[in-house]
Each structure stands twice: as C-alpha cells, then as structure tokens.
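Encoded as structure tokens, the structure appears first; notes follow it.
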Amino acid sequence: MIHVVNTSNDPFFNHALEEYFLSEYDEEIFTIWINRPSILIGRNQNTFAEINSAYVSENNIDVVRRLSGGGAVYNDLGNMNFTFISKKSDDHSFSRFASPVIDALKSLDVDAQFTGRNDITIEGKKISGNAQYFFENKVLHHGTLLYDVKMDKLTKALNTHPLKFQNKAVKSVSSRVANISDYLENKMDLHDFKAYLENYIKDTYSIKSSYILTSSDIEKIEEIAQKRFRTASWNFGKNTSYNISTSTIAPSGIIDFNFTLDNTAISSFKIFGDFFGERPIEDLENLFLGLDLKKEIICEALADIDISDFIIGVDNNTFISAIFETTSMK
C-alpha cells in the first residue's frame, strides 16, 4: 500500500485525485485530505433537495458530487477525509476499512465504534460517514471525520430528508453528530491529529514511505477535475419535475422514485437516494423507459435483474412493492 500525500483543500481536485489513482494505479492507496467549506453529495442524490441553496451561495460553499453513493456531508477546514483504494476481495465491508481509523481513535482513549450501515460513532453520536465506489476489480472506500467542524454551518448548509427521522427520538442533525476533538483528553489541533492518524495507519499497513504528487500527476488530476468534478452537469444534474414521486427507506438508505408518464407509459424515470450499490443506477433506470407503470410489466422487465447489484440490501420484491405502495398505478 502507498501513502499519497495530498495537501490540497480544493474539493474538486481532491475527488479527481481519487479517480486518478483508482483508474491509473495498480497499487493499493491510502491518503488523508482536507477540504475548504464544501458539501459532498452522494452519487445518487438530488443535489437540489440536499442543500440549502441560498445559504450555500451566500457563504461560498462548494458543492461537489462524489463517485460513491451515500448521503450528503459538510466539510470545512475543521474536517478531514480518508481514502483507501484496494483490490476487491471477499471482504470489502465498510467495517474493514473503518477499523484502522477506529483503532487509532481507541489508541487516544476515544471509545469509537462502527455502527449502523456506514457510521463511526462516539457515545452514540456520528463522527464519520463512510461510502464506497467500485471500479473494475477495485474498491474505493472513503470516509469523513468530523474533528472540529463548525456545527452551526453544517446544520444550516444541509437539508435533511424527513424519512431520516422517521420513528426516531432524535429530530435534528446537530443532535446526532459530534466532533472528535471534544472527546480527546490530550488536545491537539487538526493537523497534529491528521499526522497522528497518518502515522498510525502507515504503521498498521507497514507503509515505509509517502508518495508526493509529481507535476504530471497534478496535470492529469486537474484534467479529470475539469471534465467531471468542476462541471455543473455532474454536480447538480437537471432540476426536473415528475408526475409521480414516492419514497421509501430501505436497509441501505432512502430511495426516492420519480416518474414522468405519457398516459401510462414511463417517459422518464429517476431514482434518487443515499443508498449504496455496485452497479450504476442509470443502468437500472433505463430499463423502465417506455414500459407501462403496471406491476406485472415491471416484474417481467426485472425478471433477469438482481436489484441488490444496484441498491445493496434490497431484493426485487421489496423494490417493486416500494414503487407501487403509494402510487395509484397497480
């Protein structure tokens, strides 16, 4: 495994760096990076629904869509992110990649735990969300670490889907998250903590040296940033209206179904959400185009498809039932 040194605070560059090493290097990669104020949108999310657009604009907060699924997260200079790029194996679980981070926190007498589908928590409060993206035979795993984030800005910048708090006693984002620095007996600033975590993980994986980006690397990374991560089409998509919209919450996250119908035929179909999957959701959406929105027709169209490839933890019957639960089409 190679430790890549990344000193950039540019979220567009930093996401392009991940894609560059994922697609261009065979070696396994580890890196830690810090973004200026920004919101990182999950690949399958509706950006317009996830952010407080007026607040984001007024405060010059960047918005960038990740390669991975999952939910939107707020970053600032009191936050850091870690990335592992690894060969896909029998164990590419979230907990596997989160464990060295948890062990590092425990070595500082912080009782961190891996909980739920993708969180690291301390005393029940979330300090890290994790996500993954699959490319060929590799997995990109990354996570955020709330260290000394401005919580007031976090709560103002993000909108939260109402299903997030369904049947939960906790009703606000600020009540569910915390900063790591609040739990450290021996205080350190963000950069000291970053150095500590880097060294701990390098020791864990017996990494002897660090890789410094070359001018050629930077040029190629910036090219990726320009083609994808700096574009409005990637980060925002189209703010499209639909005839029918319905939502459900599944083990892997929230799923929003959106249809436009021409009589009963589906002329456009979009699935939004903070779920995870190994295959692009667009491939699934395209199967619906031109079909009548009728259960028997949808079942037949998906007969040879495994929905869990697109939305982890959801089988075909659950997926189809969720589509028709709150629509008038049967």
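The values are calculated or read from the model by the stated rules, or taken from the named source; none is laboratory data. On a predicted model such as this, the values are computed, not experimentally measured, just so you know. With ideal geometry, Cβ positions are generated from the backbone for all residues, glycine too; neighbour counts draw on all protein chains shown. The area values use the complete protein model at the heavy-atom level, side chains included, leaving out ligands, DNA and RNA. Shrake-Rupley method; radii C 1.70, N 1.55, O 1.52, S 1.80 Å.
Between K153 and S216, what is the FRET efficiency for a Förster distance of 41 Å, r being their Cβ-Cβ separation, to the nearest 0.05?
Calculated value: 0.65.
What stretch of the chain, leaving out the sites themselves, is the longest with no GluC sites (Glu not before Pro) in a DSSP loop having at most 13 other Cβ atoms within 10 Å?
186-330
Work out from phi, with θ = phi - 60° and the Karplus expression 6.51 cos²θ - 1.76 cosθ + 1.60, the ³J(HN,Hα) of each residue of segment 185-194, listed in order in whole Hz, and give x for Gly and Pro.
6, 9, 5, 9, 7, 4, 6, 5, 5, 4
Enumerate the amide H contacts of V63 below 5 Å, restricted to partners 5 or more residues apart or on another chain; note that Pro and chain-start residues carry no placed amide H.
Those qualifying (amide H under 5 Å, at least 5 residues apart or on another chain) are I39.
Roughly speaking, what is the centre-to-centre gap between segment 90-120 and segment 1-38 when only Cα atoms are used, to the nearest Å?
Segment 90-120 and segment 1-38 have Cα centres spaced 20 Å from each other.
Just the number please: accessible area per residue for the chain, 1.4 Å probe, all protein chains included, in Å².
Roughly 45 Å² per residue, with all protein chains present.
Between D315 and E28, with labels modelled 7 Å along Cα→Cβ, what's the label distance in nm to one decimal, could you check?
Reported label-point gap for D315 and E28 is 3.3 nm.
What's the long-distance tail for segment 230-301, i.e. % of Cα pairs beyond 13 Å?
Summing the P(r) tail past 13 Å for segment 230-301 gives 71 percent.
What percent do you get for the relative contact order of the chain when only Cα pairs under 8 Å and 6+ apart count?
Computed over the chain, the figure is 19 percent.
Taking 8 Å as the Cα distance limit and 6 or more residues as the minimum spacing, I'd like the relative contact order of segment 206-330 as a percentage.
19 percent
What is the gain in length, in nm to one decimal, between Q113 and Q226 on full extension, counting 0.36 nm per residue of separation less the C-alpha to C-alpha distance?
Gain on stretching Q113 to Q226: 36.9 nm.
For segment 125-281, count the residues as N, evaluate 2.2 N^0.38 Å, and divide the Cα radius of gyration by that value, please.
The reported ratio for this selection is 1.37.
Expressed as cubic angstrom per residue, what is the convex hull volume of the alpha carbon set of segment 41-128?
Output value, Cα hull per residue: 130 Å³.
Over segment 254-330, what percent of the accessible surface lies on carbon and sulfur atoms, probe 1.4 Å?
So the carbon and sulfur contribution to the accessible surface is 47 percent.
Please sort 93-100, 229-236 by packing, taking for each peptide the average over its residues of neighbouring beta carbons within 10 angstrom, highest first.
My ranking of the peptides, most packed first, is 93-100, 229-236.
Classify segment 1-151: rounded, prolate or oblate, from the alpha-carbon gyration tensor (a ≥ b ≥ c, eigenvalue square roots; a/c under 1.5 rounded; otherwise prolate if a/b is larger than b/c)?
Judged from the Cα gyration tensor, segment 1-151 comes out oblate (a/c at least 1.5, b/c at or above a/b).
Taking the Kirkwood radius as the inverse of the mean 1/r across Cα pairs, report the Rg/Rh of the chain.
0.97
Tabulate in residue order the Karplus-calculated ³J(HN,Hα) for segment 232-249, using 6.51 cos²θ - 1.76 cosθ + 1.60 with θ = phi - 60°, rounded to whole Hz; enter x for Gly and Pro.
Couplings: 5, 4, 6, 6, 10, x, 9, 8, 9, 9, 10, 5, 10, 9, 8, 10, 8, 10 Hz.
Ignoring ligands, DNA and RNA, what percent of the 1.4 Å accessible area of segment 77-168 is carbon and sulfur?
Ligands and nucleic acids excluded, carbon and sulfur give 47 percent.
Amide H of K88 versus every other amide H placed in the peptide plane: which residues, excluding those fewer than 5 positions away on the same chain, fall under 5 Å?
Long-range HN contacts for K88: K138, V139.
Please list, ordered by chain and number, the residues whose modelled amide H lies under 5 Å from the amide H of Q45; skip anything fewer than 5 residues away on the same chain.
For Q45, the qualifying residues are G273.
Using the 2.2 N^0.38 Å rule of thumb for compact globular proteins, work out how segment 279-321 stacks up: its C-alpha Rg over that value, please.
Taking N as the residue count of segment 279-321, the ratio is 1.07.
What list of ³J(HN,Hα) couplings, whole Hz, do you get for segment 102-118 from phi and the Karplus terms 6.51, -1.76, 1.60, once you set θ to phi - 60° and write x for glycine and proline?
Values, residue by residue: 4, 4, 4, 5, 4, 5, 9, 6, 9, 7, 8, 9, 8, 9, x, 7, 7 Hz.
Debye sum, Cα scatterers, segment 192-330, no solvent: what log₁₀ I/I(0) at q = 0.09, 0.16, 0.17 1/Å?
-0.45, -0.89, -0.95
Provide the convex hull volume over Cα atoms per residue for segment 83-151, in Å³.
93 Å³
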